Amino acid sequence: MHIINLGARQKIKMKVGNQNYQSIWLDESDPAVVKVIDQQKLPFFFETKELRSVDDVFCAIEDMTVRGAPLIGAAGAFGIYLATLEINSQTNIREHLLNAARYLISCRPTAVNLSWAVNYVLEKLSFDLPLKLLSERSLAAAVEICEKEKENCRQIGNHGLRLIEKISKKKKGDPVNILTHCNAGWLACIDYGTVTAPIYFAHNKGIPVHVWVDETRPRNQGAKLTAWELGQFGIPYTLIPDNSGGHLMQQKMVDIVIVGSDRTTRTGDVANKIGTYLKALAAYDNGIPFYSALPSTSIDFSISDGLKEITIEERNQGEVTHISGFDDGKIRSVRICPENTITANYGFDITPARLVTGLITEKGICRAAEEDIKMMFSDKFN
Ligand code: MRU
């Protein structure tokens, strides 16, 4: 295991120099090992974890060692590769791989990337292939998905940059205030991030930007991950409690909201981390542009009604009753409500297309409307 203690003054440069990480990769010294960054430990410790089996991948997705729609897709894809390494002479290959696929897909229901990626790898295989070829092909497909997602984010960055540039010009160079929810950064997306790529590109171009980071209860992906990622790149940000966005928008302290997506319908309804919908309502009421930045691998082209057709993951009570943080060199968890409190813990919500100004995809920016999505991704419509 690779561990770096991220004490107050210690800094690691994730994306520059020799420390250039992506959030999942194959171990060069042992191709039977897939490595990931343990997102449960950030921002307090930087640790990598080794995944050696389908079960390891399932557990890493389930306990959110890895999280974020594109990353759980990539992890699922590597899971099929690891499943091929579990095959022996007694194995019914078809049954084994289909079971592994079902098992991995069952892990988290909302993000469409997981089933998309697992099925993508399966489609590259035929079950009568020699074992060596099965492994080689599934590995190639998993690596291809990673490369595709990296490139998707880069393109999203280029397109999203134009929006930020436009606002910056209008503000005559005053910082562009971007509000985001949860974490759609490079940790969630293998590299660059969907929401963060336009921000990085703007920052690199010398455009002053400032990010309002929603803490994103209950797991605090904003406070723990987005804040950490932005800090690593020297991008100015301010962490805010989840309920602050509306006030900031009324006070004209937000120029644009950009969020990610875990599943978007062919009609432009956006499923994203719980709380996104409330930000969209506030943005709509205040005439502030609200964009979702997402790769096409997060679009479910088979569905049209987000409210009726997207399964919202319900997570455990402990995430609501307890909060974890850093104390005395250790990550600790404390209860924040009376004992035996009953909770509701929906992981995602749906922002209807009518509240979404546009979608920033790898192919460009379009309205959140079926005609526009179809024009951009005509090959995906039947
Ligand atoms: O539950 P998570 O942390 O896996 O949720 C995913 C998210 O962080 C988001 O909702 C995100 O905005 C989309 S993934 C790039």
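The criterion of at least 1 residues that are hydroxyl-bearing (Ser, Thr, Tyr) and closer than 21 Å to Val270 by Cα is met, among helices (runs of 4 or more DSSP H) falling completely within segment 142-237, by 196-204. Being within 16 Å of the ligand (Cβ to nearest atom) and either among the hydrophobic types (A, V, I, L, M, F, W, C) or within 14 Å of Val270 (Cβ to Cβ) (or both) is the filter here; which residues of segment 296-322 pass it? Ser296, Ser298, Ile299, Asp300, Gly306, Ile310, Ile312, Val320 - these are the residues of segment 296-322 that are within 16 Å of the ligand (Cβ to nearest atom) and either among the hydrophobic types (A, V, I, L, M, F, W, C) or within 14 Å of Val270 (Cβ to Cβ) (or both). Look at (1) closer than 23 Å to Asp379 by Cβ; (2) in contact with a strand residue (DSSP E or B) (Cβ under 8 Å, 6 or more places away or on another chain) and you find that Phe301 fails only one, number (2). Selection of first residues in segment 275-286 that are hydrophobic (A, V, I, L, M, F, W, C) and of second residues that are within 16 Å of the ligand (Cβ to nearest atom) and assigned to a loop (DSSP other than H, G, I, E, B), restricted to Cβ pairs under 7 Å at least 6 apart or on distinct chains, gives the following pairs, ordered by first then second residue: Ala280/Val356. The lone criterion from (1) away from the ligand (no atom under 14 Å from the Cβ); (2) buried (at least 24 other Cβ atoms within 10 Å of the Cβ); (3) outside any loop (DSSP other than H, G, I, E, B) left unmet by Gly246 is number (2). Scanning segment 279-295 for residues that are over 16 Å from Pro70 (Cα atoms) and within 14 Å of the ligand (Cβ to nearest atom) gives Lys279, Ala280, Phe290, Tyr291.
Filtered by the rule that a residue be charged (D, E, K, R) and more than 16 Å from the ligand (Cβ to nearest atom), segment 148-198 gives Arg162, Glu165, Lys166, Lys169, Lys170, Lys171, Lys172, Asp174. Does Asn158 satisfy the condition of being polar (S, T, N, Q), touching a His at 6+ places or on another chain (Cβ under 9 Å) and surrounded by 14 or more Cβ atoms within 10 Å (Cβ to Cβ)? So Asn158 fails the test.
Checking every residue in segment 103-117 against the condition of being more than 16 Å from the ligand (Cβ to nearest atom), closer than 23 Å to Phe348 by Cα and not β-branched (Val, Ile, Thr) gives at least one match.
Condition (residue is crowded, with 17+ Cβ neighbours inside 10 Å, farther than 22 Å from Glu215 by Cα and touching a residue at least 40 places away in the same chain (Cβ under 8 Å)) applied to segment 304-327: is it met by at least one residue? Yes; the residues of segment 304-327 include at least one that is crowded, with 17+ Cβ neighbours inside 10 Å, farther than 22 Å from Glu215 by Cα and touching a residue at least 40 places away in the same chain (Cβ under 8 Å). Going by what's in this entry, would Ala69 be described as in contact (Cβ under 8 Å) with a residue 24 or more places away in the chain, within 15 Å of the ligand (Cβ to nearest atom) and on the phi < 0 side of the Ramachandran plot? Considered against the rule, which asks whether it is in contact (Cβ under 8 Å) with a residue 24 or more places away in the chain, within 15 Å of the ligand (Cβ to nearest atom) and on the phi < 0 side of the Ramachandran plot, Ala69 comes out as yes. Does segment 131-143 contain any residue that is crowded, with 24+ Cβ neighbours inside 10 Å and within 30 Å of Pro43 (Cα to Cα)? For segment 131-143, residues crowded, with 24+ Cβ neighbours inside 10 Å and within 30 Å of Pro43 (Cα to Cα): present. Looking at Thr297, Thr343, just one residue is among the β-branched types (Val, Ile, Thr) and within 22 Å of the chain's Cα centre (by Cα), and that residue is Thr297. Remark: Lys224 matches the filter, which requires a residue to be modelled with pLDDT of 95 or more, within 16 Å of the ligand (Cβ to nearest atom) and basic (Lys, Arg).
Scanning segment 346-382 for residues that are farther than 18 Å from Thr216 by Cα, assigned to a loop (DSSP other than H, G, I, E, B) and under 23 Å from the mean Cα position of the chain (by Cα) turns up Pro352, Val356, Thr357, Glu362, Lys363, Arg367, Ala368, Ala369, Phe377.
Could you please let me know if Leu98 is among the hydrophobic types (A, V, I, L, M, F, W, C), surrounded by fewer than 16 Cβ atoms within 10 Å (Cβ to Cβ) and within 30 Å of Leu82 (Cα to Cα)? Criteria met by Leu98. Restricting to segment 80-109, count the residues that are out of contact with any strand residue (DSSP E or B) (no Cβ under 8 Å at 6 or more places or on another chain) and assigned to a helix (DSSP H, G or I). Residues meeting the conditions: 17. Consider Arg67 carefully, then state whether it is charged (D, E, K, R) and either buried (at least 20 other Cβ atoms within 10 Å of the Cβ) or touching a Ser or Thr at 6+ places or on another chain (Cβ under 6 Å) (or both). It is true that Arg67 is charged (D, E, K, R) and either buried (at least 20 other Cβ atoms within 10 Å of the Cβ) or touching a Ser or Thr at 6+ places or on another chain (Cβ under 6 Å) (or both).
Scanning for something farther than 18 Å from Val143 by Cβ and under 15 Å from the mean Cα position of the chain (by Cα), does segment 69-87 turn up at least one residue? Yes.
The values are calculated or read from the model by the stated rules, or taken from the named source; none is laboratory data. Just so we're clear, the structure is a prediction, and the values are computed from it rather than from any experiment. Note: ideal-geometry Cβ built from the backbone for every residue, glycine included; neighbour counts use all protein chains shown.
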